[in-house]
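K.L.:
Starting off with a structure, shown below.
What follows is calculated from the coordinates using simple rules that are stated; it is not laboratory data. These numbers come from a predicted model, not from an experiment. Don't worry about glycine lacking a Cβ; one is built from the backbone with ideal geometry, like all the others, and counts go over all protein chains shown.
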Amino acid sequence: MKFSRLIALAVLATVGPTFAADKHDHAHAHESMHGGVVVEVKDLDLELVAKSDVIQLHLRDHGKPVDVANGSAKVTLLTGADKQEVELKPAGDRLEAKGSFKVAAGTKLVAVVTLPGKSSTTARFTLK
């Protein structure tokens, strides 16, 4: 191998990982936009907003809202020894349920989301 090719190969070997490790602008996709807890499942970001009178689930695909018009979700809340199951229905750009919910720091929630034409998605949340 010629010396110039060897140098070119060495430069490419050191520069490639530098570009790969460079900051990409994906961080904003995983931030809370509605004051909830965000988890990533597959290519979706799911943000759960849980209050004592409303539970909302916002879905984003690479930062863009997902159409939930024909979707639904079943959420199971585990607060201490209490277990509560809630059905979320479309409400504008989110899935939502209103009622009375036992939520507190440490409450664990499991959401099973169903969207038309896609397999169901399961996400786990812990409230802070």
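K.L.:
For residue 85, state whether it is of a type outside the set (A, V, I, L, M, F, W, C), surrounded by 13 or more Cβ atoms within 10 Å (Cβ to Cβ) and part of a strand (DSSP E or B). Explain how you work it out, then say what you get.
P.N.:
Values: of a type outside the set (A, V, I, L, M, F, W, C): yes; surrounded by 13 or more Cβ atoms within 10 Å (Cβ to Cβ): no; part of a strand (DSSP E or B): yes.
No; evaluated as a whole, the condition is false for this residue.
K.L.:
Out of the residues in the stretch 32-72 meeting the condition of being part of a strand (DSSP E or B) and charged (D, E, K, R), tell me which one is farthest from residue 126 (Cα to Cα).
P.N.:
Here the answer is 64.
K.L.:
OK, next. Taking the stretch 109-121 only, how many residues are surrounded by 13 or more Cβ atoms within 10 Å (Cβ to Cβ) and either in a strand (DSSP E or B) or among the charged types (D, E, K, R) (or both)?
P.N.:
7
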